[in-house]
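K.L.:
My questions all concern the structure below.
The values are calculated or read from the model by the stated rules, or taken from the named source; none is laboratory data. None of the values given here were measured: they were computed from a predicted structure. To get the accessible areas, we keep the full protein, side chains included, count just its heavy atoms, and leave off ligands, DNA and RNA. Shrake-Rupley method; radii C 1.70, N 1.55, O 1.52, S 1.80 Å.
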Amino acid sequence: MDMCYDGALVMPSSYAVMDEEEMMYLEGGSKDGINIGMFRSYLSKQACIDQARGIIRTKGWKNVTSGQLAKEIYGHAVVYYRFSILGKLPVAKDVIYSHVADGVDLENAVDRHQNVWNIIWNTF
């Protein structure tokens, strides 16, 4: 069945124009994103600060601060190493623990869980 359109194509008012390279990253998140793995050394706030500063400097990120990245790194480590029991609880394993178990996914943006990372940073 052939379809023929005589009129101009009208796009929705909220559409976004993307080039081919940008489309490749649509499913995988930001092309600037990195995964830094999970290490016990991230239980040290200073190690997280140093790592975050290095990432900001190396990647040239401007949409997130080194403090925000440090708190995210530290929060992942605290949940992974100090609350490993969450990995044994069905709901917590799927919702929380699996999120931190595959390393720390960072990108040039404030993480959507930043409030959680702030609480962990200030509590532990």
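K.L.:
Could you state, as a whole-number percent, how many of the C-alpha pairs of region 63-124 are farther apart than 17 Å?
P.N.:
Value for region 63-124: 37 percent of Cα pairs lie more than 17 Å apart.
K.L.:
Accessible area per residue, 1.4 Å probe, Å², for region 30-85: what's the number?
P.N.:
53 Å²
K.L.:
Take the solvent-accessible surface of the protein heavy atoms, probe 1.4 Å, and return the percent of it on region 41-124 that carbon and sulfur atoms account for.
P.N.:
About 54 percent, which is the carbon plus sulfur part of the accessible surface.
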